[in-house]
Structures are given as C-alpha cells and as structure tokens.
C-alpha cells in the first residue's frame with residue numbers, strides 16, 4: 001500500500017517543525033514554499049543574533065503571550081524553551097543564555113542551524129519544492145503556481161504555515177487570505193506588532209538625532225515598565241524597548257487616536273537625588289552644561305527634553321527633575337505593517353480543533369503566524385511558531401492514523 005501523502009506549505013519555522021515530527025514515520029512528506037529557498041524570515045531574524053527562545057521562569061514566560069493565550073499555553077507547554085535547546089543540540093548547535101535571559105546559538109548565527117536542520121530533514125525523507133506558490137484548492141486538490149506553469153497535488157493531509165503579512169519580501173505576503181475567504185474561513189484583520197511608531201519630530205531634532213540610540217531608559221505604558229534601549233528614527237521611534245510595548249501602544253491608538261509612552265531618562269537615579277543635584281549652584285554655566293556636569297545628561301536625552309517640554313519647565317528645576325523621571329512621548333500611529341517584525345490578527349483559533357485542524361476542512365491543519373496570537377520579541381515569537389508547528393505535525397499524524405485505522 002502506498003504511503004499517505006502530506007503537504008506542508010510554508011518553509012518557515014512552523015512548517016519545518018511540522019516536518020520534523022512527520023518525516024521518518026512512514027508518510028510521504030512534501031514541503032512547498034513560494035520562495036527560491038527556505039527560512040528566509042528565520043535567517044533575517046538571525047542577522048542581529050539568532051534569539052531562539054527565552055530562559056526566564058516558565059510561568060512568567062507563558063504570560064508574555066496575548067490573544068488566544070488559553071489555546072497557546074498548552075501547546076507551548078508541550079515544546080518548552082528547554083525542549084528547543086535540546087532540539088538544537090541534537091542538530092549539533094550548542095546554545096547559551098545571554099545576560100538578558102535570551103537564548104542564542106553559541107555563534108549567534110541562524111544559517112548553520114538552518115543548514116543542519118534541512119540536512120537532517122532531507123536525510124529522513126522530506127521532499128522540498130521551492131518556487132511553488134500555493135494558490136488554493138480546486139475540488140479539494142492543492143494548486144500551485146510554479147516556473148513550469150500551474151501544478152496540482154492531491155494530499156491526504158495538509159499543513160499550512162504561510163505566515164502573516166510582515167516582511168512580505170521574504171515570503172509572508174498574506175496572499176493565502178483570498179483562498180481562505182473563498183472557503184468562508186474567518187480571518188481577523190492583521191495588525192502590526194513589534195513595530196516602530198510615528199511621532200512628529202521638529203526638523204532640528206530630526207536632523208540632529210535621527211539614527212541615535214537612546215540607551216538605558218525606563219519605558220512606561222499603562223503602568224507596565226520595561227528598561228531598555230530604543231532608536232530615534234526620521235519618522236519616530238523603534239527598537240526592542242518600543243517593540244515590547246507595541247501591542248499596548250497600538251491599542252491606545254485604536255481607542256483614542258494617539259498613544260503615550262512615559263520615559264524615565266535616568267532610571268538609576270531617584271527623583272530626590274536628581275532634584276538635589278540640579279539645585280546645585282551653576283554660576284555662569286548654561287543649563288545644558290549644568291545638566292551634563294551635575295547628572296550626566298546630554299546628547300539625545302537632553303535633546304528629547306528640549307523636544308518634549310515647554311520652556312517654562314526649564315525655568316523650574318524641580319519640574320525639570322520630575323520631567324526627566326517621567327517624560328511623555330506622544331505617538332500618532334504604528335509604522336506600516338510591512339516593516340513590522342510580526343503581526344497580530346489572522347485566522348481565528350476557535351475555528352480549529354485542539355490538534356489545529358480546521359473544523360470545516362478535514363485534514364487541513366494550520367500553524368505559525370497565520371493564526372491569531374501575539375507576542376513580543378525576545379524568543380517568544382519563535383518558541384510559539386516551533387510549538388504550533390509541532391502540534392500541527394502531530395495532529396496530522398494522529399488524524400491520518402485514525403483515518404487509516
């Protein structure tokens with residue numbers, strides 16, 4: 001009897017992890033991707049250091065996920081950060097825990113891990129088809145656009161891991177949505193997450209500080225505080241500390257048309273200490289020199305004070321001290337979703353069973369960013385994609401074996 005066919009469409013982390021748990025089990029597993037090579041977004045994410053997962057206390061780790069957390073948490077519990085480190089080790093890639101509890105390969109690179117992973121999958125029998133763009137179903141048959149013209153495939157089970165709509169040049173362009181709409185599968189609108197935000201800088205501030213990092217500040221949004229860095233851009237702000245708050249900032253904008261992040265420019269100094277230092281006699285020195293010599297505040301941080309405060313505040317040193325500890329930065333809108341690291345929205349998870357199979361399409365499983373969930377950067381996104389891909393792969397296996405039985 002011929003083996004059962006499984007089509008995995010999407011060669012990112014979720015699709016590859018689904019393949020990981022299907023190859024070598026007696027199935028004929030085929031992986032399709034529209035791009036000329038696999039894992040392009042995975043490789044791009046690793047350019048600044050391949051952050052695989054996070055090593056904080058696991059119960060805290062699980063709280064980082066929003067939108068459908070009750071569906072995600074049981075899946076992630078089955079493929080934890082510790083499991084990811086073990087999986088990488090079995091591929092010959094050792095990992096370490098950085099100072100921020102983020103987990104990286106020892107060489108920080110994504111390419112060696114991806115090469116080793118693909119080599120192992122091929123050795124177990126995975127067939128890979130690149131430049132195959134999925135266009136939907138035709139009488140339950142999968143249809144593809146390829147360099148050799150339209151092609152079709154009949155599959156006993158299908159796993160779709162087609163990504164969201166961020167970084168479309170790397171493959172996740174969201175074109176799959178039209179095929180889903182034809183099948184009456186409900187999709188929540190995609191929204192940018194882990195993204196930069198607009199603010200209207202003055203020409204002087206923009207010309208002088210665009211591209212400058214703002215380091216070691218505390219960012220407070222809705223009383224949630226995160227210490228970190230961000231970058232001034234020509235259009236506004238971006239960077240890891242901003243990305244952490246992006247969901248809350250986006251929700252503020254959706255509700256009120258604007259958002260505010262409160263900056264503590266000197267989180268390691270108390271307000272009383274700052275106030276005392278600023279009230280030291282300054283003689284003939286300018287206020288800029290006084291700020292630099294007494295509290296070490298200069299450059300882009302001093303520029304932010306000038307940009308965000310009125311002149312009267314600089315004439316009252318106690319008010320100025322309070323502003324240094326709680327500087328309001330107003331934001332108007334997120335940057336375009338095409339620039340976002342990830343996105344919220346997607347296929348509603350209540351349309352899937354516990355094995356991630358579509359309730360209205362037997363044998364079709366979904367995984368990864370095309371589903372409606374959200375998480376910050378720091379290894380959380382990849383962890384969920386790995387875990388969702390694993391669950392979809394095991395779900396397809398279970399369904400096929402029950403079908404055959």
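Rundown of residues vs (1) outside any loop (DSSP other than H, G, I, E, B); (2) buried (at least 24 other Cβ atoms within 10 Å of the Cβ); (3) over 15 Å from the mean Cα position of the chain (by Cα), yes/no style:
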| position | (1), (2), (3) |
| --- | --- |
| 320 | yes, no, yes |
| 324 | yes, yes, yes |
| 329 | yes, no, yes |
| 346 | yes, yes, no |
| 377 | no, no, no |
| 381 | yes, yes, no |
| 396 | yes, yes, yes |
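When we screen 27, 61 for residues that are crowded, with 18+ Cβ neighbours inside 10 Å, more than 30 Å from residue 150 (Cα to Cα) and in contact with a strand residue (DSSP E or B) (Cβ under 9 Å, 6 or more places away or on another chain), the only hit is 61.
Check 274, 305, 297, 278 and return the single one that is out of contact with any helix residue (DSSP H, G or I) (no Cβ under 6 Å at 6 or more places or on another chain), surrounded by 19 or more Cβ atoms within 10 Å (Cβ to Cβ) and over 29 Å from residue 342 (Cβ atoms). On inspection, the qualifying residue turns out to be 305. Selection of the range 384-401 for residues being under 14 Å from residue 353 (Cβ atoms) and either outside the structural domain of residue 85 (by TED's automatic domain parsing) or touching a strand residue (DSSP E or B) at 6+ places or on another chain (Cβ under 8 Å) (or both) yields 388, 392, 395, 396, 399. The condition (being in contact with a helix residue (DSSP H, G or I) (Cβ under 8 Å, 6 or more places away or on another chain), at positive phi and in contact (Cβ under 8 Å) with a residue 12 or more places away in the chain) is satisfied by just one residue among 49, 10, 15: 10. The residue list 137, 201 contains one member that is assigned to a strand (DSSP E or B), touching a residue at least 40 places away in the same chain (Cβ under 8 Å) and either crowded, with 18+ Cβ neighbours inside 10 Å or touching a helix residue (DSSP H, G or I) at 6+ places or on another chain (Cβ under 9 Å) (or both), which is 137. For the range 348-371, the set of residues classified as surrounded by 21 or more Cβ atoms within 10 Å (Cβ to Cβ) and not in a strand (DSSP E or B) consists of 356, 367, 368, 369, 370, listed by residue number.
Can you spot a residue in the range 171-187 that is surrounded by 14 or more Cβ atoms within 10 Å (Cβ to Cβ), under 26 Å from residue 355 (Cβ atoms), without any contact (Cβ under 8 Å) to a residue 40 or more places away in the chain and touching a helix residue (DSSP H, G or I) at 6+ places or on another chain (Cβ under 8 Å)? Yes, the range 171-187 contains a residue that is surrounded by 14 or more Cβ atoms within 10 Å (Cβ to Cβ), under 26 Å from residue 355 (Cβ atoms), without any contact (Cβ under 8 Å) to a residue 40 or more places away in the chain and touching a helix residue (DSSP H, G or I) at 6+ places or on another chain (Cβ under 8 Å). Scanning the range 357-379 for residues that are in contact with a strand residue (DSSP E or B) (Cβ under 6 Å, 6 or more places away or on another chain) and in contact (Cβ under 8 Å) with a residue 60 or more places away in the chain yields a total of 11. Within the range 287-303, the residues that satisfy the criterion of being within 17 Å of residue 269 (Cβ to Cβ) and without any contact (Cβ under 8 Å) to a residue 40 or more places away in the chain are 290, 291, 292, 293, 294, 295, 296, 297, 298, 302.
One line per residue, one yes/no per condition, for (1) more than 22 Å from residue 163 (Cα to Cα); (2) part of a strand (DSSP E or B); (3) not assigned by TED's automatic domain parsing to the domain that holds residue 20:
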site	(1), (2), (3)
100	yes, no, no
103	yes, yes, no
114	no, no, no
119	yes, no, no
128	no, yes, no
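Residue 91 meets each of the listed conditions (1) at pLDDT 95 or above; (2) touching a helix residue (DSSP H, G or I) at 6+ places or on another chain (Cβ under 9 Å); (3) surrounded by 20 or more Cβ atoms within 10 Å (Cβ to Cβ) apart from (3).
When you scan the range 151-162, do you find a residue that is assigned to a strand (DSSP E or B), farther than 20 Å from residue 8 by Cβ, touching a helix residue (DSSP H, G or I) at 6+ places or on another chain (Cβ under 6 Å) and in contact (Cβ under 8 Å) with a residue 60 or more places away in the chain, even just one? No: the range 151-162 contains no residue that is assigned to a strand (DSSP E or B), farther than 20 Å from residue 8 by Cβ, touching a helix residue (DSSP H, G or I) at 6+ places or on another chain (Cβ under 6 Å) and in contact (Cβ under 8 Å) with a residue 60 or more places away in the chain. Only residues that are crowded, with 18+ Cβ neighbours inside 10 Å and over 19 Å from residue 217 (Cα atoms) were counted in the range 281-294, giving 1. Number of residues in the range 72-86 that are free of Cβ contacts under 8 Å to residues at least 40 places away in the same chain, under 18 Å from residue 121 (Cα atoms) and touching a helix residue (DSSP H, G or I) at 6+ places or on another chain (Cβ under 8 Å): the value is 0.
For the structure I just gave you, tell me whether residue 24 is at positive phi, assigned to a loop (DSSP other than H, G, I, E, B) and touching a residue at least 60 places away in the same chain (Cβ under 8 Å). Walk me through it before giving the result.
On the way: at positive phi: yes; assigned to a loop (DSSP other than H, G, I, E, B): yes; touching a residue at least 60 places away in the same chain (Cβ under 8 Å): yes.
Yes.
The values are calculated or read from the model by the stated rules, or taken from the named source; none is laboratory data. In this text the structure is predicted, and so the values were computed from the model without any measurement. Counting neighbours? That spans all protein chains shown, and the Cβs are built from the backbone with ideal geometry, glycine included.
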